[in-house]
Amino acid sequence: EDEITGLEGVMQILHALVSKQLLWEQDAFERAKQSFVQTYAQVSKNLEAASAEYLLGSMCKQDGRFTCVPPEDIEKLTLEDVKQAVNRFLTTDNVEISISGDFDPKVMDMLALQYLGTVPPSSQPARESPSIPLAATPAQDLFFEISDS
């Protein structure tokens, strides 16, 4: 009986991602949204997590790419919007895969050919990922005092 290794399982998932063979389920999407909302709530109730979130927000000028997403923003998302956003950037001419770990290079070559070499070319051209630079500010020390509750 052939057993699928962890590495082969990952390659199968990559194949499904790049060839857009994913199953987009509304109930799974709603559970994911709920998970993000719960994480946001948990961060606000945990002194250590809230402090880390506050520091991170201060260091990156409240850039939403680095902090928890507010529930009101999560609720605005639709499954179709998320699906379109993901598919816009997953094209065969826009894929780069980095692999690290303890593996046999010959096995990796075989799996890459089997799972990624068989993906047909994308019908749409690659879209360039948006580049949103961090706010340029002069270097400065940050000082915080977190009062005890």
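Site pair Met108 and Leu47 shows an inter-label distance of 4.5 nm when each label is modelled 7 Å from Cα along Cα→Cβ. Length available on full extension from Leu79 to Thr39: 0.36 nm per residue minus the Cα-Cα distance, which gives 12.4 nm.
Need the C-alpha centroid separation for the stretch 60-80 versus the stretch 1-33, integer Å. So the two Cα centres are separated by 24 Å. A 1.4 Å probe over all protein chains sorts Leu111, Leu17 by accessible area into Leu17, Leu111, starting with the largest.
Would you mind telling me the share, in percent, of accessible area of the stretch 28-75 contributed by carbon and sulfur at probe 1.4 angstrom? In the stretch 28-75, the share of accessible area belonging to carbon and sulfur is 58 percent. Accessible surface area normalised per residue over the stretch 1-110 is 73 Å², counting heavy atoms of protein chains with a 1.4 Å rolling probe.
Ranking Thr92, Phe29, Ala52 by how far each Cα lies toward the positive end of the dipole of the stretch 1-133 (charges on Cβ) leaves Ala52 at the top.
The values are calculated or read from the model by the stated rules, or taken from the named source; none is laboratory data. Quick caveat, the model's predicted, so the values are computed rather than measured. We place every Cβ from the backbone using ideal geometry, glycine too, and count neighbours over all the protein chains shown. All accessible areas refer to the heavy atoms of the entire protein, side chains included, with ligands and DNA or RNA removed. Shrake-Rupley method; radii C 1.70, N 1.55, O 1.52, S 1.80 Å.
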